Every structure is written in C-alpha cells, then in structure tokens.
Amino acid sequence: MDKHTHKKLRIGITIGDINGVGPEIILKAFLDQRLKDMCTPILYGSSRVINIYRKVLKINKFNYHICKTPSQAQSKRLNIIECISEVDRVDIGKPSEAGGKGAYLAIKRAVEDAQHKEIDALVTMPVDKASFQTQHPDFTGHTELLAKAFSIEDNLMLMASEQLKVGLVTNHLSIKEVPLNISTARIVKKIKIMNECLKMDFNIQRPQIAVLGLNPHAGDKGLIGNEEQEMISKAIAQLREEGILATGPYPADGFFGALTYRSFDGTMAMYHDQGLIPFKLIAGFGGVNYTAGMPFVRTSPDHGVAYDIAGKDIASPESFRQALYLAIDVYRSRNENQELVEHALKPGIVKLKEEKGPA
C-alpha cells in the first residue's frame, strides 16, 4: 500500500492581496467542514484580516487555530500562521501598498516552509502585481517566483480543468515581446514539461498534445508570419522523433471553435491570452492554475483579485476549491507514480549486480 495514499496532507494557503477576494473566498470555502476533513489547511496571513472579513460578511461562527509552524497545525481546523504584522485596517476593494506587503509576506513565509518540506503543497490566492511590486520589484507572477525559489531553470504555467489543460510557452509578456521569446528550443522544453506532467501528475500514459500556431491561420503557409514554419513545426518534428505525441500547429480560433481540443490531453498555446481566454470561457469557475515542472505542488484559482466585488459576498469559492482538490490529487498521483518508477528500476539494479558478480 502506498504510504502517501492515506496521509493527511498539510496544504499551505497564502492569503493573497488582503484587499481582494482572497480572504472572502477562504472564509466561504472553509465554512464547509468537508474541506478540513480532506486535508490540514494552513493559512499564511493574518487572523485580524480574517476577522475583519467575518464582520463584513456577517459570518458569526468560524473557528480557527493560530500556530507558529505547520507542525503545530491541528487536524479538522483552519490553521493560521501569523505572518502579516501591524494590520491597522483593510481597504477592501482598493489596491494599496499594505495589500501588496501582506501578499508578499505570506508567500515569502509559505515558500520558506515549502523549501523545508513543512507543507506538502501550496495554494496561492490572487495578488495585484502592481501592489506586490512595491515589495518585490522583479515580481511578474507566482510561476516565475517559484521557479527562482526552487532553483528551477524552467517550469510551465498550466491551466487545468476536467474539460482541457492548456500550457503556455510564454507567460506574462507584452504582445510585442512574445515573438522575441519564442524559439524551437523553448517550445520543445515547454512541451517536454507538459508531457511529463500529464504522465506523472495526471496519470495519462501516452499524452496527446496539440500545439497552436502563433499567427492567425497558423501563419497561412508563411503569408501572415513565418514562426510556424521556422520554429513551431520544427519543434513538433523534433518532439515526435523523441516519441512525444505532439501535433500541429493549429490555428487557435478554429481549434477551440471546432472543439478540436476535446481530442487532446493537453494544448500548448504560444502566449497568455491565446490560451487563457478560451480556457476561462470553457472551464468557468472549475479552472485551476497549476505550476508544472516543479519539485513542489502549487496550484491557484484561475482568477485575479477582483477588487470590484471584494467584500460584497459575490465572489465564488469554486475555483479555490478546485485548486485545493487538484493540489491533493497531484501530490498523491506524483508520489504513487514515482514509487512505481522506483520499484520498476529495482529489478534492473539487482540484475546488473548479479551480472557484474562480487567486487
């Protein structure tokens, strides 16, 4: 029996921007005791912020446990690690330096605990990049921050739902920078990460991966751009030679419009909006942002801080719930598959020793 199957996981949750929908969503989600039965949730944030939102949302009964380290977390309760000091007020629905500082301090502490393996997985709530950059000027997104924290050369922003999984070759770049950051080598690397992720984290043995073109009509044979011919097609050919089932390049509009995505296990988009607009339309609140290619499991709701609805009892916790479910599922799938790989290798090691004979 896999030792990870029945382990109750410690799931870290960062509060995100304290002026956005993060605290509200966390409160709503954990009113459901079943989530606390599934894992031991540990919120990196502030009990004062949670109490302010409780008052605003008129949530009278909500129990939590304050702890200093994940090892002190209690089962079947929301645990809070106080890492945001001096919260005098919360400007609900408004960007502020305090909102960025709170988000930064929460992710900083959560990443430190993740590096020391004190938590099993992490769910990050939305942040406002402009506010966050008042504390961390180089911040472009959680995906990039985690890659640097874990010394990973490259990872993959993967949007996941039951209906489809969409990865991005480029993440948070302006449109004019996208073509400059696409190359055959980069596409190959990103698709290899997706292929391995689909196998190890989502239990898909032979992933079928669709690759989108960069230009309208996938370049129309060079009439509207030549990236498809010079880079994308070459990447696909190289991947297929290595046994990875990549196909394309497909024109993005027709690919999603004709529901072609249903025939594939994963879809690789060239840039942010090319992948995320159709994903959010198709997945709705069931979508999750997952960081693939990391030694540590991180998920996030697939929406932003939503200042316009924060504190109005409108925000849905569904995407957060799905992010929590996925973090648990991926952790278990990855460990089960890793153990299978290790067990499969053991007979080969024994045989090799037998053939070599005694030293």
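The values are calculated or read from the model by the stated rules, or taken from the named source; none is laboratory data. Remember, it's a predicted structure, so these values are computed and weren't measured experimentally. Reconstructed Cβ throughout: ideal geometry from the backbone, glycine too, with neighbour counts over all protein chains shown.
Of note:
- Taking the criterion of being surrounded by 21 or more Cβ atoms within 10 Å (Cβ to Cβ) and in contact (Cβ under 8 Å) with a residue 60 or more places away in the chain, the residues of the stretch 196-213 that qualify are CYS197, LEU198, ASP201, PHE202, LEU212.
- Matching residues, the stretch 17-67, being over 26 Å from the mean Cα position of the chain (by Cα) and of a type in the set (Lys, Arg): ARG48, ARG54, LYS55, LYS58, LYS61
- Yes/no for THR170 being hydroxyl-bearing (Ser, Thr, Tyr), touching a Phe, Trp or Tyr at 6+ places or on another chain (Cβ under 6 Å) and closer than 18 Å to ASP273 by Cα: yes
- Residue match in the stretch 35-49 (condition: assigned to a loop (DSSP other than H, G, I, E, B) and out of contact with any strand residue (DSSP E or B) (no Cβ under 9 Å at 6 or more places or on another chain)): no
- From PHE256, PHE279, residue being touching a Pro at 6+ places or on another chain (Cβ under 7 Å) and in a helix (DSSP H, G or I): PHE256
- Restricting the stretch 212-249 to residues that are touching a Phe, Trp or Tyr at 6+ places or on another chain (Cβ under 7 Å) and not in a loop (DSSP other than H, G, I, E, B), the residue that is modelled with the highest pLDDT: LEU212
Every residue, every condition in (1) basic (Lys, Arg); (2) surrounded by fewer than 17 Cβ atoms within 10 Å (Cβ to Cβ); (3) out of contact with any helix residue (DSSP H, G or I) (no Cβ under 7 Å at 6 or more places or on another chain), yes or no:
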position: ASN63; (1), (2), (3): no, yes, yes
position: THR69; (1), (2), (3): no, yes, yes
position: LEU105; (1), (2), (3): no, no, yes
position: ARG109; (1), (2), (3): yes, no, yes
position: ALA121; (1), (2), (3): no, no, no
position: THR124; (1), (2), (3): no, no, no
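- Counted residues, the stretch 279-300 - those being farther than 18 Å from ILE193 by Cα and in contact with a Ser or Thr (Cβ under 9 Å, 6 or more places away or on another chain): 8
- Those residues of the stretch 105-163 which are in a loop (DSSP other than H, G, I, E, B), closer than 25 Å to VAL188 by Cβ and in contact (Cβ under 8 Å) with a residue 40 or more places away in the chain, in sequence order: PHE150, ILE152, ASP154, ASN155
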